[in-house]
1. Between Asp88 and Val7, what is 0.36 nm times their sequence separation minus the Cα-Cα distance? Round to one decimal in nm.
2. At 222 nm, what helix-only mean residue ellipticity would the chain give, in deg cm²/dmol to the nearest 500, using -39500 (n - 2.57) for each DSSP H run of four or more?
3. Let me have the relative contact order for the chain, percent, based on Cα pairs under 8 Å that are six or more residues apart.
4. Taking the square root of 5 times each eigenvalue of the Cα gyration tensor, what semi-axes in Å does the equivalent ellipsoid of the chain have, largest first?
5. Taking amide H positions as placed 1.01 Å from N in the peptide plane, with prolines and chain starts having none, which residues 5 or more places from Val108, or on another chain, fall under 5 Å of its amide H?
6. Rolling a 1.4 Å sphere over the protein heavy atoms, what is the accessible area per residue of the chain, to the nearest Å²?
7. Taking θ = phi - 60°, what integer Hz values does the Karplus form 6.51 cos²θ - 1.76 cosθ + 1.60 yield along segment 34-48, in sequence order, with x for Gly and Pro?
8. Between segment 64-93 and segment 4-33, what is the separation of their alpha carbon centroids in Å?
Amino acid sequence: MRKQRGVTLTGTIAWAVVLVLALLLTFRIGPAYIEYFAIQKNLRAIASDPEAASGKRGPVERAFALRSAIDDMPSISGSDLQIEKDGDQVIISGSYSKRLPLFGHVSVCLDFNPTSAK
């Protein structure tokens, strides 16, 4: 008598549940990370801009507002940014939290700290 090999129905259902949960988590928190990377990219671009090299709040906030309108970054505003000068380099940073519902009464809270420092 030969031993049967293969995947059982129970094993298939278990892997399907794991895959669906992983995809749900990815689709729910993925956009928050995409926004974080867009904010960080824009902070680096603003910090390297000659107009913002003075480290004054006005030009930095204005540049961030313009870039924020284009890239749709509603989680943080120009007034939430911290601007520091390190020698001749401007370092722009900020922090914000995002609360994302997963399913039912379960949600996840993500804390982000984008910065222009490399």
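The values are calculated or read from the model by the stated rules, or taken from the named source; none is laboratory data. Model, not experiment: these values are computed from the prediction. So basically every Cβ, Gly included, is an ideal-geometry build from the backbone, and we count neighbours across all protein chains shown. Side chains included, ligands, DNA and RNA excluded: accessible areas come from the protein's heavy atoms. Shrake-Rupley method; radii C 1.70, N 1.55, O 1.52, S 1.80 Å.
1. That pair, Asp88 and Val7, stretches by 22.9 nm at full extension.
2. Values: 2 runs with 54 residues, N = 118.
Dividing the helical sum by the residues of the chain leaves -16500 deg cm²/dmol.
3. It comes to 25 percent, rounded to a whole number.
4. 45, 15, 11
5. Leu100, Leu102
6. On a per-residue basis, 72 Å².
7. 4, 5, 4, 5, 5, 4, 5, 4, 5, 5, 5, 5, 5, 5, 8
8. 38
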